[in-house]
1. Check whether at least one residue in region 30-53 is in a loop (DSSP other than H, G, I, E, B), surrounded by 14 or more Cβ atoms within 10 Å (Cβ to Cβ) and of a type in the set (Ser, Thr, Tyr), and report yes or no.
2. For region 155-190, give me each residue that is among the charged types (D, E, K, R) and touching a helix residue (DSSP H, G or I) at 6+ places or on another chain (Cβ under 8 Å).
3. Could you tell me which numbered condition residue 211 fails, if it satisfies all but one of (1) touching a residue at least 24 places away in the same chain (Cβ under 8 Å); (2) out of contact with any Asp or Glu (no Cβ under 9 Å at 6 or more places or on another chain)?
4. Within the set of pairs 6 or more residues apart or between chains, which connect a residue that is outside any helix (DSSP H, G or I) inside region 73-94 to a residue that is acidic (Asp, Glu) with Cβ atoms less than 8 Å apart?
5. Tell me, please, whether a residue that is aromatic (Phe, Trp, Tyr), at pLDDT 95 or above and under 20 Å from residue 138 (Cβ atoms) can be found in region 54-74.
6. If I go through region 1-29 residue by residue, how many of them are small (Gly, Ala, Ser) and surrounded by fewer than 19 Cβ atoms within 10 Å (Cβ to Cβ)?
Amino acid sequence: MDIGRAFSYVFEDEEWLTVILIGGLLLLIPIFGQIVLIGFMLEAARNVANGSPRRLPRWSNIGEKFSQGLAGFVIGLVYALPVLLLAFVLVCVAISGAVAAGGSEDGGAVGGLIGLTSLCLVPLMVLLGLVLQPLMLAGYGRYLQTGSLGAALRVGDVWAMLRADLGGWVVLWLLQLVCGVVAGLGSVAFVIGALFTGVYAQAVFGHLLGQHLRRSAQPSTMDYVSPTPPAF
């Protein structure tokens, strides 16, 4: 995987500054901007996987980016459900314990029970997150290969895709963490700068995801497939 290329290709595009600025401004729109940015990342990945000469997406097809981003959001949400459910249980335990402790003379024992439960659930949440994040990325890959949200949510197929190149997907996940650090660098100098570094980081990660798909997929499987809009 050419990591340096992923970080540099953005600046080789003659319209890179316009693309990054528009993306940053779109992020100011709550929810819509975040979903569109996911679509931007997926389109960048598809362009790289297909060997498109223009790999940095433009903003002329915002509707399509929103559709793809919405599918990406659903994929992320579905694969994060086990962690979200555990977090919900943890919050319920904490609230119930606080209420019980308030009406009990033995509040210390109740507090200790809550702490013990937290010690059990929090590491489990972290472990699940570590496992599910690469699985979610494989779900993105499956979506890009098929253009189908349903295919991306077939956990058995996605798990098989993950197992076929577990090391590669884990490396991609670690690189996603690096991109997250890059996205936050803009806030060091000025808070709003994170909007633009966030767009750049998503473009970088899209390139990395596209490289991984191009390397691991059969040559015929990455031909462009028009994404099917998710049905709700």
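The values are calculated or read from the model by the stated rules, or taken from the named source; none is laboratory data. Because the structure is predicted, anything quoted here is derived from the model rather than measured. Heads up, the Cβs are rebuilt from the backbone with ideal geometry, glycines too, and the neighbour counts pull from every protein chain shown.
1. yes
2. Correct list: 157, 165.
3. (2)
4. none
5. Among the residues of region 54-74, at least one is aromatic (Phe, Trp, Tyr), at pLDDT 95 or above and under 20 Å from residue 138 (Cβ atoms), which makes the answer yes.
6. Count: 2.
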